[in-house]
Amino acid sequence: MLLSRRVLRSSVSFIRGYSSTTTGSTSNNTTSSNNSYQSSSTQSSSESKQQTHFGFKTINAEEKETMVKSVFDAVASKYDVMNDAMSLGIHRLWKDEFMNTLNPVPGSHLLDVAGGTGKEEEKIKEQSDISFRFIDKIKSNPYYLPNPHPGQLSSTASLSSSAIVYDINQAMLDEGQKRAIQNGYTKTSDPSIDFIQGNSEQLPFEDESFNCYTISFGIRNCTNIDVVLKEAYRVLKKGGRFMCLEFSQIPNPALRFAYDQYSFNVIPILGQMIAGDRESYQYLVESIRKFPTQDNFAGMIRQAGFKQVTYKNLSFGICAIHSGWKL
């Protein structure tokens, strides 16, 4: 049910027509929010080590990784269609805004966690996913000069850039790598791209390895979000930026009610029709409702050590871009 390019373009006003940015200020409201978060976090810390949420279900924490993996094994080949259903077809525009906000420059090194299938539609670069958008953004920079011999020093080329797509689900990585090769993105291209399987709570990278850390529609599926954020902070260089794109809580009660009706009554049915899998899509809808509010998630990002934490609502708060800096 991919939308036509004309419909996508007409949606630009919807994505940008209503957005708000909240900064990491030290106002009384922010301090109160942080204190509230820290208090609730302290009270539930012992429980969170044993139990967590899988959608609306309460499960043992050690079970979540396997259960989430089974969901994405089931939906990998239809993942991009799923994103169309859950975002009303405008997740590509959100990702465009996300990459424009990141605005990487030549010499940047990206870690894209929960990188998914990498691309929504083959051979359409405007609609490519985060890591591919990163590469295209680097190449469009006026200071970018391609290296005629990637992997070797060149006096004429700009600083080399790279992207690593990191995901716990091998099926998702296989889809992404297949699409990358089809479109000329490889380990030896400039910028280069690589695909690595692993857990976002235990990154196999040295401290201060990356300039940019992105996670798009993935962090709500992680068992211990606080651990994921601390790992993000660890692998970022000083001056590096953390950015997260995630479904969020709509502030307006009337709009939230309308979107809930669509989410719970339509999306699971679409999952059954498109992928023959109602339960996986039901979980994905529920996981959005269990994810912290924008303010609370911003508090978690600050607690991981990030500074200048902000978020920007997109499409009335259906989705939000979160940002923090390692200073």
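Residues that are within 18 Å of the chain's Cα centre (by Cα): list the helices (runs of 4 or more DSSP H) wholly contained in the range 245-327 that include at least 2 such residues.
278-290, 294-303
Is the range 139-156 home to any residue that is under 23 Å from Asn103 (Cβ atoms), among the basic types (Lys, Arg) and either surrounded by fewer than 19 Cβ atoms within 10 Å (Cβ to Cβ) or modelled with pLDDT under 85 (or both)?
yes
Considering only the range 219-245, how many residues are under 26 Å from Pro106 (Cα atoms) and either touching a Phe, Trp or Tyr at 6+ places or on another chain (Cβ under 9 Å) or not basic (Lys, Arg) (or both)?
15
Just one of (1) in a loop (DSSP other than H, G, I, E, B); (2) within 23 Å of Ala171 (Cβ to Cβ); (3) touching a residue at least 40 places away in the same chain (Cβ under 8 Å) trips up Glu201, so point out which.
(3)
Let me confirm something: among Tyr185, Tyr213, which residue is aromatic (Phe, Trp, Tyr), part of a loop (DSSP other than H, G, I, E, B), on the phi < 0 side of the Ramachandran plot and buried (at least 22 other Cβ atoms within 10 Å of the Cβ)?
Working: Tyr213 fails: part of a loop (DSSP other than H, G, I, E, B).
Exactly one of Tyr185, Tyr213 is aromatic (Phe, Trp, Tyr), part of a loop (DSSP other than H, G, I, E, B), on the phi < 0 side of the Ramachandran plot and buried (at least 22 other Cβ atoms within 10 Å of the Cβ), namely Tyr185.
Kindly establish whether Tyr259 is of a type in the set (Phe, Trp, Tyr), touching a residue at least 60 places away in the same chain (Cβ under 8 Å), out of contact with any helix residue (DSSP H, G or I) (no Cβ under 6 Å at 6 or more places or on another chain) and at negative phi. Give the derivation first.
Details: of a type in the set (Phe, Trp, Tyr): yes; touching a residue at least 60 places away in the same chain (Cβ under 8 Å): no; out of contact with any helix residue (DSSP H, G or I) (no Cβ under 6 Å at 6 or more places or on another chain): yes; at negative phi: yes.
Taking the combined requirement at face value, the residue does not satisfy it.
Any residue in the range 230-253 that is at pLDDT 95 or above, hydroxyl-bearing (Ser, Thr, Tyr) and either in contact with a Leu (Cβ under 8 Å, 6 or more places away or on another chain) or surrounded by 15 or more Cβ atoms within 10 Å (Cβ to Cβ) (or both)?
Scanning the range 230-253, I find at least one residue that is at pLDDT 95 or above, hydroxyl-bearing (Ser, Thr, Tyr) and either in contact with a Leu (Cβ under 8 Å, 6 or more places away or on another chain) or surrounded by 15 or more Cβ atoms within 10 Å (Cβ to Cβ) (or both), so the answer is yes.
The values are calculated or read from the model by the stated rules, or taken from the named source; none is laboratory data. Everything numeric in this text was worked out from a predicted model, so none of it was measured. Counting neighbours? That spans all protein chains shown, and the Cβs are built from the backbone with ideal geometry, glycine included.
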